[in-house]
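Please read the structure below before turning to the comments.
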Amino acid sequence: MEFPKALAHCLGSRRVRTLTAICSAVVASCVLIASVGAAPANEYQVKAAFLFNFAKFVEWPANAFSDTTTPFVIGVLGHDPFGPYLDDIVRGERINNRSLTVQRYRHAGEIKQCQVLFISRSESDHIDQIISSLKYRKILVVTDADGGNGGVIIRFVNEGNRIRFKIDVEAAKAANLVISSKLLRLG
Amino acid sequence: MLLRKAPIRRRLMTIILVTCGAVSLLTCLSFFAYEFFTFRQSTIASLSTLGSVLASNSTAALTFANSEDAAEVLSALRAEPHIEAASLYDENGKLFAQYPANLPKDAFPAAPERDGYNFSTEYFTSFQPVVLGPKRVGTLYLKSNLDQMYDRLRLYGAIVAVVMAASFALTYALSRILQGQISQPILALTKTARAVADRGDYSVRAPKIGEAEFAVLTEAFNQMLTRIHDGDSALRESQESLWCLNAELEQRVEERTRKLKEANKELEAFSYSVSHDLRAPLRAIDGFSRILLEEYREKFDEDGKRVLDVIRSNTQNMGRLIDDLLAFSRLSRKQIDASPVDMQGLASDVFQQLQTGFADQNIQFNLSPLPPTEGDPALIRQVFVNLLSNAAKYSRPRIQSVIDVSGHCENGDCVYYVKDNGVGFDMAYAKKLFGVFQRLHSVEEFEGTGVGLAIVQRIIHRHGGRVWAEGKVDEGATFFFSLPKENKQNGSFATAQ
C-alpha cells in the first residue's frame, strides 16, 4: 500500500489518487479470491482434516491407552503426503481429553502405541503384509491405497473432485473399535 | 344509565346476565390465554427437542462436508408436516443443506442468526447450534408454521362460544325463574302502594310472599296501612264533627250578629231620638230665656241678668253638644261615597277657612305635599277640620303656634299627621283621647264638647284606617291617621256598612 500512496503523493492529483485506490482494491480482492479458491485444491489438506475428524466418531476400548495421560496418536506409515497440514490441524486440539501427537513410521515395526494409522500410497505394494502385522491391535487403519482388504477400516475414495470414504464394519469389529452410526451413514 | 328506567324484572335479569356473562367471559379468556402460552411453550419445547436430535444426527455430515447426507437427515422432517423449512449452515455460516430440497435458496436465511427462538404471527423459527464435542460445527434452522396452534385456538374459540352461549341461555332461563323471588314481593308491594295512591283506598293489603326481609317489609307496609286507615277514619270523623260544630258556631254567630245589629240599630235610633227630642225642650228654654232678657230686662237686677246669661250660654252649649252627638250618630248611618281626594288642596282649604276663627292667634302653618288618596271628600274634610282646629286651639298659649301637616304612602297605606306645638298630653291617656265626651282639659281652659276626636276616629275607621296620637305634656301633640288605598277601602266600607 505504501507504493501507490507515495505515487499519489508525488503526482498530487486527486483523480490519480482515486484511480490508484480503486486499482489497489481490485488487486487486493484478486489476491483474496485466489487464496480462498486455493484452499480445497489440496486433496491431502481435506484428508488430514478427515483423519482428525474420524477420531471423534470412533470409540477405542480403554485398554488401547496405557494410562489416562497417554496422548492420542495419529500415525503416518510410509511417505508422508500431508506436508504441514496434519500437524496444523492437530495442534492445540484434544480428543477425549487427550492431547494429540502425530508420529511418522517408515515401516510397521516402528508402530508402538497408535490409535489412528494412515498407510501412505507408497506402501501399497506390501499393504497386506502391514495389515496382517497389525492384526488384533486396536488401531483405526485408514488408507487411500488399494489392497489390504479385511484389515483396512476406512478407505478414502475420490468421487469426481470430492473425497468420500468407505467403512469396513467387519474390520472395525475385528479391531475392537466402535464406529458411530453417524459416521457409518457416510461410509 | 338506561337500566335505571327499566322495570325491576328486567333490571334484575340484566344484572344477573351481565355478572354471569362477565365472569364466564373472564374465565374463558383466562383459559384461552393459558392455552395460548402453554402451546407456545410446548411448541418451543418440542421444536427444541426435534432440533437437538437433528443437530446431533447431522454432526458427521457437517464434519465430513457431506451435504447429501445432511439433506437426508433433514428429510426425516417429512413426518412433521408443520415444519415448512429447515436448513443447516456450516461453521462458516454457509448454507449447507436444506429441506425441502425443491425450495428456492432465497426461502432460507442467507446466514444463520443468533441462537434462539422467534415467534411471528404465522411462523415459529429457531436457530440451534450443532455441536460436536466442545466444538460448534454448524447451525440448524427450523421454520414451523403455527397452523397447529391456530387450529387449537380455533377449536378453543368455538368451545368458548358454545360454552358462553349455553351459559348465557342457562343464566337467562335461571334468572327468569329466580328473579321472581325478589321482584314479585316488590311488584306486589308496588301494586298495593299504587292502589293506595290512586284510589286513596287504605283498606287494601299487600300479599305476604316468602320470608325474611320481604315479609318484614310487607308486614311493616301493611301495619302502616292499618295505622293510616285508622288515622284516616279518625280524621274523617273529627273532621265531620268539626264541620258540624263549625256550622253550629256559624249559625250562632249569625244569630248573635243579627241580634247585635238589631240592638245597635235600636241604640242608634234611641240616641238619635234622645238627641232630637232633647232639642225641643232646650229650644224652649233658650227661647223663653231670650224673651225674658229682651222683654223683661228692666225688671231684673244685675244679678238676675247675669244668671239669665249663664242659662243662655249653657243652653247654647248644650245645643252644640246635641248637634255634635247627632252628627256623630249620623256618621254610622251615612253612606260613604268613595272618590279620589286631593288631600293637599283639602288641608289647605280647611286651614284657610279656620284662620278667620283664630284671627287673634299667630299661627305658622307648614303644609308638606300630601299624597292624594281615595275616600269620602266631605268626611275627610271633617277630619281635617277637627284636627286642625284642635291643633290651633291647644297651641293658643304659645306666642307662636306651629302646625305641621304631612303624609306619605307606603305599601298601599297612606299615613297623614297633624302636629302642633301646643300643651300636649300625657301618653298614659293616649287611648282615652278618642272616646266620646273624653276630655283631658276643662271647658274653662279649652272650649269643646269632647266629640271631635271621636268623630275623627269613627270616620277613619269607616274608611278602614287607623288613628293614633303621640304627645308629651307641654311639648305638643301629633295626630296620625292612615287611609288604605283603592280596593281595600271599598271592602272595608262594605263590611263597615
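The values are calculated or read from the model by the stated rules, or taken from the named source; none is laboratory data. Bear in mind that the values here come from a model prediction, so they are computed numbers and not experimental data. Neighbour counts are summed over all protein chains in view; Cβ atoms, including those assigned to glycine, are modelled from backbone coordinates with ideal geometry.
Given the criteria within 14 Å of chain A (Cβ to nearest Cβ) and surrounded by 18 or more Cβ atoms within 10 Å (Cβ to Cβ), does B:Asn92 qualify?
For B:Asn92, the condition - within 14 Å of chain A (Cβ to nearest Cβ) and surrounded by 18 or more Cβ atoms within 10 Å (Cβ to Cβ) - is not met.
So which residues in segment B:126-140 are part of a strand (DSSP E or B), within 12 Å of another protein chain (Cβ to nearest Cβ) and over 16 Å from B:Gln98 (Cβ atoms)?
Across segment B:126-140, the qualifying residues are B:Val131, B:Leu132, B:Lys135, B:Val137.
Kindly check whether there is at least one residue in segment B:97-120 that is out of contact with any Gly (no Cβ under 9 Å at 6 or more places or on another chain), at pLDDT 90 or above, closer than 27 Å to A:Val46 by Cα and within 14 Å of chain A (Cβ to nearest Cβ).
yes
Inspect segment B:65-77 for any residue being loosely packed, with under 14 Cβ neighbours inside 10 Å and either closer than 14 Å to B:Val137 by Cβ or in contact (Cβ under 8 Å) with a residue 60 or more places away in the chain (or both) and give the result as yes or no.
Scanning segment B:65-77 turns up no residue that is loosely packed, with under 14 Cβ neighbours inside 10 Å and either closer than 14 Å to B:Val137 by Cβ or in contact (Cβ under 8 Å) with a residue 60 or more places away in the chain (or both).
If I ask for residues that are in contact (Cβ under 8 Å) with a residue 24 or more places away in the chain and either within 13 Å of another protein chain (Cβ to nearest Cβ) or not in a helix (DSSP H, G or I) (or both), which ones from segment B:28-55 would you list?
The answer is B:Leu54, B:Ala55.
For A:Ser122, work out the one condition from (1) at pLDDT 90 or above; (2) within 16 Å of the chain's Cα centre (by Cα); (3) not in a strand (DSSP E or B) it doesn't fulfil.
Among (1) at pLDDT 90 or above; (2) within 16 Å of the chain's Cα centre (by Cα); (3) not in a strand (DSSP E or B), the lone unmet condition for A:Ser122 is (2).
Of the residues B:Thr226, B:Thr192, only one is over 30 Å from B:Thr59 (Cα atoms), touching a helix residue (DSSP H, G or I) at 6+ places or on another chain (Cβ under 8 Å) and among the β-branched types (Val, Ile, Thr); which?
B:Thr192
Of the residues that make up segment A:135-144, is at least one within 14 Å of chain B (Cβ to nearest Cβ) and either basic (Lys, Arg) or surrounded by 14 or more Cβ atoms within 10 Å (Cβ to Cβ) (or both)?
Yes: one or more hits.
Quickly run through segment A:133-185 and pick out the residues that are farther than 23 Å from B:Thr63 by Cβ and in a loop (DSSP other than H, G, I, E, B).
Selection gives A:Leu134, A:Lys135, A:Tyr136, A:Arg137, A:Ala145, A:Asp146, A:Gly147, A:Gly148, A:Asn149, A:Gly150, A:Gly151, A:Asn176.
From the list B:Leu62, B:Leu25, exactly one residue is in contact (Cβ under 8 Å) with a residue 24 or more places away in the chain and either within 14 Å of another protein chain (Cβ to nearest Cβ) or closer than 30 Å to B:Phe108 by Cβ (or both). Which is it?
Matching residue, one of B:Leu62, B:Leu25: B:Leu62.
Determine whether segment B:162-171 contains at least one residue that is assigned to a helix (DSSP H, G or I) and more than 30 Å from B:Thr38 (Cβ to Cβ).
No, that holds for no residue.
Before we move on, is B:Phe480 buried (at least 16 other Cβ atoms within 10 Å of the Cβ), under 28 Å from B:Ala378 (Cβ atoms) and at pLDDT 90 or above?
When the stated conditions are applied, B:Phe480 passes them.
When the residues of segment A:161-179 are narrowed to those that are within 13 Å of another protein chain (Cβ to nearest Cβ) and loosely packed, with under 15 Cβ neighbours inside 10 Å, which ends up modelled with the lowest pLDDT?
This residue is A:Asn161.
I'd like to check something: does segment A:63-76 contain any residue that is farther than 23 Å from A:Leu183 by Cα, outside any loop (DSSP other than H, G, I, E, B) and of a type in the set (Asp, Glu)?
The answer is no; no qualifying residue exists.
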